[in-house]
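Remarks on the structure that follows.
The values are calculated or read from the model by the stated rules, or taken from the named source; none is laboratory data. These numbers come from a predicted model, not from an experiment. So basically every Cβ, Gly included, is an ideal-geometry build from the backbone, and we count neighbours across all protein chains shown.
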Amino acid sequence: MSELWLCSYVRSGLRIALVIAAGGFAALATPASAQQPPAGNAHQGRIIGYTCLGCHGIKGYRNAYPDYAVPRLRGQSVTYLINALNEYRNGQRAYPTMHLQALSLNEQQIADVATYLGGKPVTAKPVPQSAVPKAAQVCASCHGANGIGVAPMYPTLAGQHESYLIRVLHEYQTGYRQSPIMDAIAHSLTDAEIRTVAAYFSHLKPGLHTVPRPYTRWSGR
Ligand code: HEC
Ligand code: HEC
């Protein structure tokens, strides 16, 4: 019901109502995510993360079916990566391979591997609101006009693969992936708007990168 209400508001152009509503969810969501995960150890994470690089360390590596690029992780918020791994573990995100990967890790290992894979969070100069396409303006309040998440719980979208962003927004629409904040927002987008926002955020620089593979003779150490 409330979702329909939100959608009709968005469609009539009163996007600000959605931002306020979503902001409310964000405030509600804070106490749960405020449980401090253990501090991550990047050195340990690098050892654990070796298997992850088989997919996340190969530029342009794609998921076979459905076809989309495996997400870039380097520069991503470490807090967000920890949340994501916990969501794969508890089934809030349905992707089977990642569910198994996350199940094999304990809380400390999740913090370690997220710290290693995320590395130094990417930063960027502010971008004027006028440069943001209309469909992406509502997103900027959390994901930044420059695509950099405004708080650690908000993922950075700058430089993320376009095909992955499109895939994820569809996943929220179908309920394949669930988020109290993003579900309603994704439902409010048309396919054309999804293509516009994905193109905008994926082309922003500086942005996320593929994690370099430290153990090959090409990437050095
Ligand atoms: C077989 C390939 C594969 C392997 C191995 C793999 N991943 Fe993934 N990973 C994926 C794919 C594909 C997705 C996107 C899944 C989806 O649509 O939810 C993903 C998503 C993620 C995400 C969510 C990113 C985001 O932006 O929300 C994180 C975090 C992650 N993987 C971490 C890891 C870690 C840590 C490991 C190793 C322990 C690992 N992955 C191993 C393929 C892989
Ligand atoms: C009120 C804050 C808020 C707003 C506004 C918002 N988002 Fe999000 N977004 C989030 C949060 C929190 C997550 C993480 C949810 C999860 O773990 O699934 C997220 C996740 C995402 C992801 C998944 C990223 C990944 O790496 O897997 C995409 C893509 C995304 N948002 C796109 C958008 C777009 C496009 C808009 C505007 C149409 C938007 N968001 C508006 C808070 C917001």
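Among the candidates Asn146, Asn106, Asn86, Asn90, single out the residue that is over 30 Å from Gln44 (Cα atoms) and of a type outside the set (A, V, I, L, M, F, W, C).
Among Asn146, Asn106, Asn86, Asn90, only Asn146 is over 30 Å from Gln44 (Cα atoms) and of a type outside the set (A, V, I, L, M, F, W, C).
I'd like the full set of residues that are among the β-branched types (Val, Ile, Thr), farther than 22 Å from Glu87 by Cα and either buried (at least 18 other Cβ atoms within 10 Å of the Cβ) or at pLDDT 95 or above (or both), limited to segment 168-219.
Thr190, Ile194, Thr196, Val197
Got a sec? Which helices (runs of 4 or more DSSP H) wholly within segment 1-116 have at least 1 residues that are modelled with pLDDT under 85 and surrounded by 15 or more Cβ atoms within 10 Å (Cβ to Cβ)?
Working: elements: 2-11, 15-33, 42-48, 53-56, 78-90, 96-103.
So the answer is 2-11, 15-33.
Given the criterion away from ligand 2 (no atom under 16 Å from the Cβ) and at positive phi, identify the matching residue among Gly60, Gly49.
Result: Gly60 is the single residue among Gly60, Gly49 that is away from ligand 2 (no atom under 16 Å from the Cβ) and at positive phi.
Just to check your reading of the model, which residue among Ala124, Ala84 is within 20 Å of Gly207 (Cβ to Cβ) and more than 15 Å from ligand 2 (Cβ to nearest atom)? Working first, answer last.
Details: Ala84 fails: more than 15 Å from ligand 2 (Cβ to nearest atom).
Among Ala124, Ala84, only Ala124 is within 20 Å of Gly207 (Cβ to Cβ) and more than 15 Å from ligand 2 (Cβ to nearest atom).
Residue check: is Ala145 in contact (Cβ under 8 Å) with a residue 40 or more places away in the chain, more than 10 Å from ligand 2 (Cβ to nearest atom), hydrophobic (A, V, I, L, M, F, W, C) and surrounded by 21 or more Cβ atoms within 10 Å (Cβ to Cβ)?
no
Which residues, counting only those in segment 38-92, are of a type in the set (A, V, I, L, M, F, W, C), more than 9 Å from ligand 1 (Cβ to nearest atom) and within 17 Å of the chain's Cα centre (by Cα)?
Val78 - this is the single residue of segment 38-92 that is of a type in the set (A, V, I, L, M, F, W, C), more than 9 Å from ligand 1 (Cβ to nearest atom) and within 17 Å of the chain's Cα centre (by Cα).
From the list Ala184, Ala158, exactly one residue is away from ligand 1 (no atom under 16 Å from the Cβ) and hydrophobic (A, V, I, L, M, F, W, C). Which is it?
After applying the criteria, what remains is Ala184.
Take the conditions more than 22 Å from Ala64 (Cα to Cα), near ligand 2 (Cβ under 9 Å from one of its atoms) and more than 15 Å from the chain's Cα centre (by Cα) and apply them to Ala136. Does it pass?
yes
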